[in-house]
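Notes follow once the structure below has been shown.
None of the figures in this text is laboratory data; all of them are computed from the coordinates on show. Treat the numbers as computed from the prediction; the structure is a model and nothing was measured. Here the Cβ positions follow ideal geometry from the backbone for every residue, glycine too, while neighbour counts run over all protein chains shown.
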Amino acid sequence: MKYIFITFFIGFFWMSCSKSHQAINTSKAPIIKVIDTDFSKGQLNHVQDIQLDDLVKLHGHLCDGLIVGYLGLHEAFKELYPEGPVDRTNTRIISKSSPCLTDAAIYLTGGRYQYNSFYVDNSIDGIYYLQRLDHQKALSVSLKAGVKPEEIDSLGQLAIKERLNLEELNHLKQIEDEFSAVLLSTPAKELFDVEVITDFQWSPRPKHNYPKTDIINKNVME
Ligand SMILES: [Zn+2]
């Protein structure tokens, strides 16, 4: 009986620790297959596998917003390119202004502001509108209501206003990391709505001075 109690206690202690230092297992994220041209004047035959860790290097860090963008676009690609790789020469995208969502948008679709295949618009429903150019099929991607813990948004708003101290910022990081782990272990169908847009409009917005919200607190000290 004594040993059962000790085993239970150690197990409980280990679970408590692992929750507070929850590791985010990026290998759980699906691989996204893309196709590009094979040199500066090349043809469309260069197929590559992209992993979440590749996007992390572009973005600078792993975060819940990056995972939302990666998994949400993976869901949309299954409908836009059911037959094979995502054609990054044939896709344009409109994104909400979050630095995480916009980095996932340009990296995974090949859309770029300077070639009129990417722009930011915070008035769209959900997080992305994207379109396959040859078929003109357009989709919207949204995170289902109630999926994201409300505390992440409320504390995030305070962080943007520079009203959180270092301890509070660390708490925000912890709940974002816990949300990241949930995202990576939940079937995507339970997280996202992907819907066809029948009256898709491409109306590029000239605004390009959105706040880069992931660098606002970069100098906060103890
Ligand atoms: Zn981020």
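With 10 angstrom as the radius, rank T89, T26 by how many other C-beta atoms surround their C-beta, starting from the fewest.
If I rank by nearby Cβ atoms, fewest first, I get T89, T26.
How about K33: which aspartates and glutamates have a C-alpha closer than 12 Å to its C-alpha, ignoring those fewer than 8 places off in the same chain?
The qualifying aspartates and glutamates are D49, E83, D87.
Using the Karplus curve 6.51 cos²θ - 1.76 cosθ + 1.60 with θ = phi - 60°, work out ³J(HN,Hα) for each residue of the range 50-58 in order, rounded to whole Hz, and write x for Gly and Pro.
Along the range 50-58, the couplings run 10, 10, 4, 4, 5, 5, 4, 5, 5 Hz.
Between their Cα atoms, which of K28/K137; K96/K161; K96/K173; K57/K173; K96/K144; K161/K207 are more than 25 Å away from each other?
K28/K137
Which order results if L155, L143 are arranged by neighbouring Cβ count within 10 Å, fewest first?
Listed from fewest to most nearby Cβ atoms, that is L143, L155.
With 12 Å as the cut-off, how large is the P(r) tail for the range 107-160, expressed as percent of Cα-Cα pairs?
Above the 12 Å cut-off, the range 107-160 has 76 percent of its Cα pairs.
Given H placed 1.01 Å from N in the peptide plane, which residues other than close sequence neighbours of F192 have an amide H under 5 Å from its amide H?
Counting only residues 5 or more places away or on other chains, the set is K144.
Could you calculate, for the range 75-125, the ratio of the Cα radius of gyration to the Kirkwood radius, expressed as Rg to Rh?
Rounded to two decimals, Rg/Rh equals 0.97.
I'd like to compare 68-76, 44-52, 173-181: which one has the highest average count of other Cβ atoms within 10 Å, and what's the full order after that?
Ranked from most to least packed, the peptides come out as 68-76, 173-181, 44-52.
Can you give me the P(r) profile for the chain? Cα pairs, bins 5 angstrom wide beginning at 0, each as a whole percent.
1, 6, 13, 17, 18, 15, 11, 7, 5, 3, 2, 1, 1, 0, 0
Could you tell me the ratio Rg/Rh of the range 96-222? Both radii from Cα atoms, Rh via Kirkwood. Kindly include the intermediate steps, with their values, before the conclusion.
Working: Rg = 16.6 Å, Rh = 16.6 Å.
Expressed as Rg/Rh, it is 1.00.
Using amide H atoms built 1.01 Å from N in the peptide plane, name the residues 5+ places from V86, or on other chains, whose amide H lies under 5 Å from its own.
HN-HN under 5 Å from V86: K33, V34, I35.
Calculate the length of the line joining the C-alpha centroid of the range 48-89 to that of the range 170-222, in whole Å.
Result: 13 Å between the Cα centres.
Where the only charges are on Cβ atoms (+1 Lys, Arg; -1 Asp, Glu), what is the dipole of the chain about its Cα centre, to the nearest 20 debye?
Here the size comes out at about 240 debye.
How much space per residue, in cubic angstrom, does the convex hull of the C-alpha atoms of the range 154-204 take up?
Once divided by residue count, the hull of the range 154-204 is 135 Å³.
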